[in-house]
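Student: Below is a structure I'd like to ask you about.
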C-alpha cells in the first residue's frame, strides 16, 4: 500500500512539471524568446551582452528593432527597421528621408550631435539605389540600420532582410535593469 501511495505521489509531481516544461518549450519556440545582444552596432540603445526578450508574433513596423538571421554569417543580428516594402530611403546631411518625407531619428540625437561638433556626418549620405542597386524595398523585405551608424554592418552593406529571416521584434530589455 505504501508503494502505491509513493507512486501516486511521484506521479502527482511529474505531470505538472512535464506540462510546465512543454508549455515553456512551446512559448519559447512560437511566442517569445530571450536573446543576448552581441556587438556594438545598436549602441547606445542596446549594448553588448544586454539581455532582451523578443516577440515572435509581432507585426513589423517602421523603426521597430528586430532580431534576424544574418545574411552573411551563421548568427543573428539586431537592427532597426528603416524601410518597409515599397519604400524609398535616403540619408542626406544626417537627415533620414523615407518616400521623400523627412523623419526625425530621436534615438540618434547624441551621436549626431557629437559627430557634427567634430565637423563630420554620423550617417554617411546614401540612397537606397546606391547601396542596394534597387530604388525601392522589395516585397516581403526590409531595409535595416544599426543605431551606431559608424560601426554597424547593416543593409547598407549586405542588402535587404527577407521577412522569413526575422526571428522576432525586441519588446524589452531585462538585463541590466534600468530604472
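Student: Yes or no: residue 94 over 26 Å from residue 38 (Cβ atoms) and in contact with a helix residue (DSSP H, G or I) (Cβ under 8 Å, 6 or more places away or on another chain)?
Tutor: yes
Student: Please state which of the following conditions residue 111 fails to meet, knowing it meets all the rest: (1) under 20 Å from residue 47 (Cβ atoms); (2) under 19 Å from the mean Cα position of the chain (by Cα); (3) not in a strand (DSSP E or B).
Tutor: Just one mismatch for residue 111, condition (2).
Student: Moving on to the next point. Would you point out the residue of region 149-167, among those that are in a loop (DSSP other than H, G, I, E, B) and modelled with pLDDT of 95 or more, that is nearest to residue 58 (Cα to Cα)?
Tutor: Top of the filtered list is 160.
Student: Run down 74, 87 and say which single residue is touching a strand residue (DSSP E or B) at 6+ places or on another chain (Cβ under 7 Å) and in a loop (DSSP other than H, G, I, E, B).
Tutor: Result: 87 is the single residue among 74, 87 that is touching a strand residue (DSSP E or B) at 6+ places or on another chain (Cβ under 7 Å) and in a loop (DSSP other than H, G, I, E, B).
For (1) on the phi > 0 side of the Ramachandran plot; (2) surrounded by fewer than 20 Cβ atoms within 10 Å (Cβ to Cβ); (3) out of contact with any helix residue (DSSP H, G or I) (no Cβ under 9 Å at 6 or more places or on another chain), each residue gets a yes or a no:
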{"site": "61", "(1), (2), (3)": "no, yes, yes"}
{"site": "86", "(1), (2), (3)": "yes, yes, yes"}
{"site": "119", "(1), (2), (3)": "yes, yes, yes"}
{"site": "135", "(1), (2), (3)": "no, yes, no"}
{"site": "174", "(1), (2), (3)": "no, yes, yes"}
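Student: Would you confirm whether or not region 92-105 contains a residue that is crowded, with 17+ Cβ neighbours inside 10 Å, over 16 Å from the mean Cα position of the chain (by Cα) and outside any strand (DSSP E or B)?
Tutor: yes
The values are calculated or read from the model by the stated rules, or taken from the named source; none is laboratory data. No experiment lies behind these values; they were computed from the predicted model shown. Ideal geometry is used to build each Cβ from the backbone, glycine not excepted, and the neighbour counts take in all protein chains shown.
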